[in-house]
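One structure below.
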Amino acid sequence: MIVTIDGPAGSGKSTVAKIIAIRYNFIYLDTGAIYRSLAYLAKSLGIDVEDEERILPIIPGMNIDFVKVGDSQRVLLNGVDVTLEIRTEEIGMLASKVSRHKGVRKSLLDFQRSFKEKGDIVAEGRDTGTVVFPEADIKVFLTASAEERARRRWKELMERGIEEDLEKILESIKRRDEQDSSRDIAPLIPAEDAVIIDTTNLSIEEVVERIGKLIDGKRGL
C-alpha cells in the first residue's frame, strides 16, 4: 500500500506520517529531507542553490540513508547524521529554491520511487500524491493557517534546542508557501483525488485517526 501525505510547512504532515508508519508498520519516506539534504550539501560546498548546472553534478555522489532509531528516524548524508542541521529555517528556504529546478526533481524522482519496492510506505512531502506516487492508494493533503503552522514550527525548533524568532518563522513560511505554490515544476497543490484535512484546530491524534480510517477502509477492515 502507498499512502501519501502532502501539505505546506507546519501542517503536521511529518509528525502524522511518522505515527502512521509506526502504527501500521509502514516504511516512512520523508521526501522533504532529501531536498533539504541536497540544499545542505550545496551550501557546505559553497554552491549557489540557484545554479542548477553546478547542483546536478553533486547529486550522483550524494548518499542519503534513513536510519530508524527507536521510534525516531535519523537522516544520514554521506554517512554523517544531519538530522538537526537540515531542519533550520535557512536550509528550508534553500531546499524550496533547489526543488524548483526541473533537472533536480527528475534526478531525485527514481530514488524516491524506489522505496515502493521495499514494502508498504507512507510518503510525505509536497508532491508525493501528484508527481512521485500518482498511483497511491490513499492521498491526503494537510493544511492549516500560516499563524498556526508558524507556532508549531517555533515550538518544534525550541524543543530541539534551536532558537528562532516566531515572527521570522511566520514570514519564512509565507514566503515558502508562495515559492512552492507558484513554481512551474510540481507546484504545491492537492491531488485531484486527495482527501483535504484542515489541521488548524485538530490534534495530531485526531488527524492520525482520520487517516487511519482511510487506511482501514481501503484494507476492508
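A few notes on this one:
- GNM flexibility winner over the chain from ASP198, ASP165, ASP51 (Cα, springs under 10 Å): ASP165
- Estimated 222 nm signal from helices in the chain, with DSSP H stretches of n ≥ 4 weighted -39500 (n - 2.57), rounded to 500: -14000 deg cm²/dmol
- Heavy-atom surface analysis with a 1.4 Å probe gives region 1-137 a carbon and sulfur content of 49 percent of its accessible area.
- A Förster radius of 25 Å combined with the Cβ-Cβ distance from GLU206 to GLU159 puts the calculated FRET efficiency at roughly 0.75.
- Accessible area per residue, Å², region 31-152 with all protein chains present, probe 1.4 Å: 44 Å²
- For ALA123, the residues whose modelled amide H falls within less than 5 Å of its own, excluding neighbours fewer than 5 places apart on the same chain, are VAL3, THR4, ILE5, LEU29.
- Separation in nanometres of the label points that stand 7 Å from Cα toward Cβ, at MET93 and LYS68: 3.6 nm
- The calculated FRET efficiency for ASP120 paired with SER145, based on their beta-carbon distance and R0 = 35 Å, is about 0.65.
- Potential extension, ARG175-ASP110 segment - 0.36 nm per residue separation minus Cα distance: 20.5 nm
The values are calculated or read from the model by the stated rules, or taken from the named source; none is laboratory data. Since this is a predicted model, take the numbers as computed values, not measurements. In this analysis, Cβ positions are derived from the backbone assuming ideal geometry, glycine residues included, and neighbour counts consider all displayed protein chains. Surface accessibility is based on the protein's heavy atoms, side chains included, excluding ligands, DNA and RNA. Shrake-Rupley method; radii C 1.70, N 1.55, O 1.52, S 1.80 Å.
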